[in-house]
Amino acid sequence: MSSLGELRNVALSARRRGPRVKTRFTDNKAGYAFLAPWLVGLIVFTIGPMLYSLYLAFTRYNLLQPPRWIGLDNFTQMFSDERLWNSLRVTFTYVIVGVPLQLVIALVIAILLDKGMRGLSFYRSIFYLPSLLGGSVAIAILWTQVFGKDGIVNGFLAWFGIDGPGWISDPNTALGTLIILHIWTFGSPMVIFLAGLRQIPDMYYEAAQMDGAGRLRQFFSITFPLLTPIIFFNLVLQVIFAFQSFTQAYIVSGGSGGPSDSTMFFTLYLYQQAFTQLHMGYASAMAWFLLVIIAAFTGLNFWLSRFWVFYDD
Amino acid sequence: MTTVKQAPAAAPPAPSPRAPSNPDAVARPPRRRARRSTISVLKHAGLITLSVVMIYPLIWLVVSSFKPNGEIFTNISIFTNNLTLDNYVKGWSSQGAPFSLFLLNSSIIVVGAIIGNLISCSLAAYAFARLNFRFRTLFFVLMLGTIMLPIHVVLVPQFIIFKELGWLGTFLPLIVPKFLAADAFFVFLMVQFIRALPNEIFEAARIDGAGHLRSFVQVTLPLMVPALATTAIFTFIWTWGDFFGPLIYLRTTSVFPVSVALKGFVDQQSTSDYGGMFAMSVLSLVPLFIAFLLGQRYLVKGIATTGIK
């Protein structure tokens, strides 16, 4: 079975039995010895902190005095926190606009980059490079200049006599520039699509050609259905990652989420609550809220996948 | 993993499916062939245009870092006659310490993280892929779950742990978790790789009397060099670019890595040393670019098989 298909089964459904091991006898001692570092890490840095964070979500805690139990107060406060709802709106806009646009472009370019096409590896490198650098501070800084009042974008618009705004400093456009930055990094899903396209056997297309199917028909009858598991895989992962975006918004707004909270991502607001306001309990409650949101989106994606994802096997 | 055929980036293009060896192509009426080549030309023109648009900001950044401060925004083109190294000289020492210190700090963190990930992730991957033990399936599912878990859920308690240990302001919070296989992506990547190795090799090793430790060190590790290389390169790129971790755990200039040092330029934008800011931004990207050039083959394979960036 193909490794991408296998990956999809393992990573996304967890229905699979776990790793195949041909030896039938068990080897507990060696198993736990090899697993020891990971197990320690799991307990000390993941499970333990998760439990403690769940506890902190019901407390008021500023690092200086011991945590004080306040029941559901953090959660009720969240409901009336205007800035929190605004940060959710900003994050949702970013995810719902940015992720699909990025994936559509990645897919279109991947399909344009035919097998055996001249210059394939050149194009792949050029398109992939931004996604490698895109998360770095330097690129976020570059973005503030590209979309600044005197930046490249406005310089380009000036050729057409258009006097562009300061995109980053205008609350109506600041989030849009971050979405463009996200789309700019379409290279990594594109590479995954390219790998998926390569796994579609040529004979399907040959058979379709014999039957007189045109290129458009071939796309909708062969390419797209066979690629849906990979589109789904990309979609699930990109949504999970996009919800957690932080660096770009932090740098572009100088850590403030401005102008007028227009780039205040949920994670940025959480960071501010925890590390500038020292509202550790509130931040923990927000973190669990984020987890629930991401889980809900992922669950929704899985539910919707029954209607459009096609499994060959 | 090996079934995903990714041509090495440097390899010559594979033979075109439209090569004349295909009798169909030879028989094709000339008009149709002409249309196909028109489409091909249009396609390349579109792709090249897109390439230029994609890459222009990066080239502009590099060129601007060599322009005199006054010219950066008055001339948005990438062509100029006045090239200078002033920005590099000024930017180098404008953040409260020489930039070499930040480069060194980043390097220490990166090297520690790479060593930690290579050791701990390969150990865990061997256990998951080759050993049969109680609760293996449960642990495997937990491991996959940690890949998707937002770091924010464990952020505050982890901060408290490191604070209690007295590790704030040191590199330890950024390095020690890597020695405990906290980057589960790589465990998963290596499990996939080890599982694809033929079972006969391990049986032969057992018949020769090798225990699990020898089978791991002398058989598995040498065979999984591509997976280790992928892990090393991705760890390098992610750790070098990581901003969130250092932002939280490091508060004094002398321990800043490059990413946090660069933030200084944004904080004090009133001084508007754009040239210095661009110059140091370029410097911070150079290691990533080198990793990209050297490791392209592994990078492409790595994301194609696991979806990590």
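Kindly sort A:Lys29, B:Lys163, B:Lys43 by accessible area of their heavy atoms, largest first, with the probe set to 1.4 Å. Walk me through the intermediate numbers first.
On the way: A:Lys29 180, B:Lys163 80, B:Lys43 45 Å².
Largest to smallest exposure gives the sequence A:Lys29, B:Lys163, B:Lys43.
When each full DSSP H helix of chain A is screened for a Cα extent of at least 18 Å along its own axis and an average Kyte-Doolittle hydropathy of at least 0.5, the helices passing are A:28-41, A:99-112, A:120-133, A:224-243, A:280-308.
Split the accessible area of region B:93-176 by element, probe 1.4 Å, and carbon with sulfur accounts for 73%. Quick one: in the protein assembly as shown, what % of C-alpha pairs are over 35 Å apart? Here the tail beyond 35 Å accounts for 44 percent of pairs.
Estimated from the Cβ-Cβ distance and a Förster radius of 22 angstrom, the FRET efficiency linking A:Phe219 and B:Ala34 is about 0.45.
Using only alpha-carbon positions in region B:35-188, the gyration tensor eigenvalues give semi-axes of 44, 30, 13 Å once each is multiplied by 5 and square-rooted (largest first).
Taking the charge dipole of the protein assembly as shown about its Cα centre, with +1 at Lys and Arg Cβ atoms and -1 at Asp and Glu Cβ atoms, the residue from B:Gly46, A:Pro229, A:Trp143 reaching farthest to the positive side is A:Pro229.
May I ask you to derive the relative contact order of region A:185-313, considering only C-alpha pairs under 8 Å and at least 6 residues apart, and to give it as an integer percent? Walk me through the numbers on the way to the answer.
Working: 72 pairs, mean separation 32.8, N = 129.
Over region A:185-313, the number comes to 25 percent.
Of the residues B:Phe99, B:Phe135, B:Phe193, the one that moves most in a GNM of chain B with alpha-carbon contacts below 10 Å is B:Phe135. Nearest 100 Å² is fine: what is the total accessible surface buried where chains B and A meet, probe 1.4 Å? Buried: approximately 9800 Å² between A and B. When the surface is traced with a 1.4 Å probe over the full set of protein chains, B:Thr252 keeps roughly 80 Å² accessible.
For a test of the definition: using alpha carbon positions, the gyration tensor, and the 1.5 limit on a/c, classify region B:188-271 as rounded, prolate or oblate.
Numbers: a/c = 5.47, a/b = 3.70, b/c = 1.48.
Prolate.
Loop-located trypsin sites (Lys or Arg not before Pro) in region B:87-138 (DSSP state not H, G, I, E or B) with no more than 12 neighbouring Cβ atoms inside 10 Å: B:Arg134. Evaluate Rg over Rh across chain B, taking Cα atoms for both radii and Kirkwood's formula for Rh. When Rh is taken as the Kirkwood radius, the ratio is 1.07. State whether chain A is rounded, prolate or oblate according to the following rule on the C-alpha gyration tensor (a ≥ b ≥ c being the square roots of its eigenvalues): a/c under 1.5 gives rounded; otherwise a/b larger than b/c gives prolate, and the remaining case gives oblate. Oblate, since a/c reaches 1.5 and b/c is not below a/b. Please enumerate, by chain and number, the aspartates and glutamates with C-alpha under 13 Å from the C-alpha of B:Lys43, excluding those fewer than 8 residues away in the same chain. Correct list for B:Lys43: A:Asp114. In the assembled protein chains, A:Arg198 presents an accessible area of approximately 70 Å² (probe radius 1.4 Å). Remark: region B:69-226 carries a charge dipole of roughly 480 debye about the Cα centre, counting +1 on each Lys and Arg Cβ and -1 on each Asp and Glu Cβ. Extension gain, B:Trp167 to B:Leu85: 0.36 nm times the residue separation minus the Cα-Cα distance gives 25.6 nm. Between A:Ala140, A:Ala30, A:Ala106, the Gaussian network model of chain A with springs among Cα atoms under 10 angstrom shows the greatest mean-square fluctuation at A:Ala30.
Relative contact order of chain B: 31 percent, from C-alpha pairs under 8 Å at least 6 residues apart in sequence.
Candidates A:Trp85, A:Gly116, A:Leu129 compared by Cα position along the dipole of region A:70-144: farthest toward the positive end lies A:Gly116, with charges placed on Cβ. Around the amide H of A:Thr59, modelled in the peptide plane, lie the amide H atoms of A:Ile70, all under 5 Å away and 5 or more residues distant in sequence or on another chain. The candidates B:Trp167, B:Trp92, B:Trp240, A:Trp303, arranged from most to least accessible area with a 1.4 Å probe in the full protein assembly, appear as A:Trp303, B:Trp92, B:Trp167, B:Trp240. Each label was represented as a point 7 Å from its Cα along the Cα-to-Cβ direction; for B:Trp92 and A:Asp73 these points are 5.5 nm apart. Look at where the Cα atoms of region B:106-128 and of region A:168-207 average out, and the two centres are 30 Å apart.
Sorted largest first, the spans of the alpha carbon positions of region A:152-223 along the three principal axes are 56, 26, 19 Å.
Among the listed pairs A:Lys149/B:Lys90; B:Lys263/B:Lys301; B:Lys163/B:Lys263; A:Lys149/B:Lys67, a Cα-Cα separation exceeding 27 Å is found for B:Lys263/B:Lys301. Name the residue, out of B:Ala196, B:Ala124, B:Ala227, whose mean-square fluctuation peaks in a Gaussian network model built on chain B with Cα pairs under 10 Å. So, out of B:Ala196, B:Ala124, B:Ala227, the one fluctuating most is B:Ala196.
Note that region B:130-136 has calculated 3J(HN,Hα) couplings of 10, 10, 10, 9, 4, 6, 4 Hz, one per residue in order, obtained from phi through the Karplus relation 6.51 cos²θ - 1.76 cosθ + 1.60 (θ = phi - 60°); glycine and proline are x. B:Val89 contributes an accessible area of around 100 Å² to the protein surface, as traced by a 1.4 Å probe with all chains present.
Hey, how much of the P(r) for region B:106-262 falls beyond 28 Å, as a percent of Cα pairs? Pairs farther apart than 28 Å: 29 percent.
The values are calculated or read from the model by the stated rules, or taken from the named source; none is laboratory data. On a predicted model such as this, the values are computed, not experimentally measured, just so you know. When we count neighbours, we look across all protein chains shown, and the Cβ atoms used for this are built from the backbone with ideal geometry, even at glycine. Accessible surface areas use protein heavy atoms only, side chains included; no ligands, DNA or RNA. Shrake-Rupley method; radii C 1.70, N 1.55, O 1.52, S 1.80 Å.
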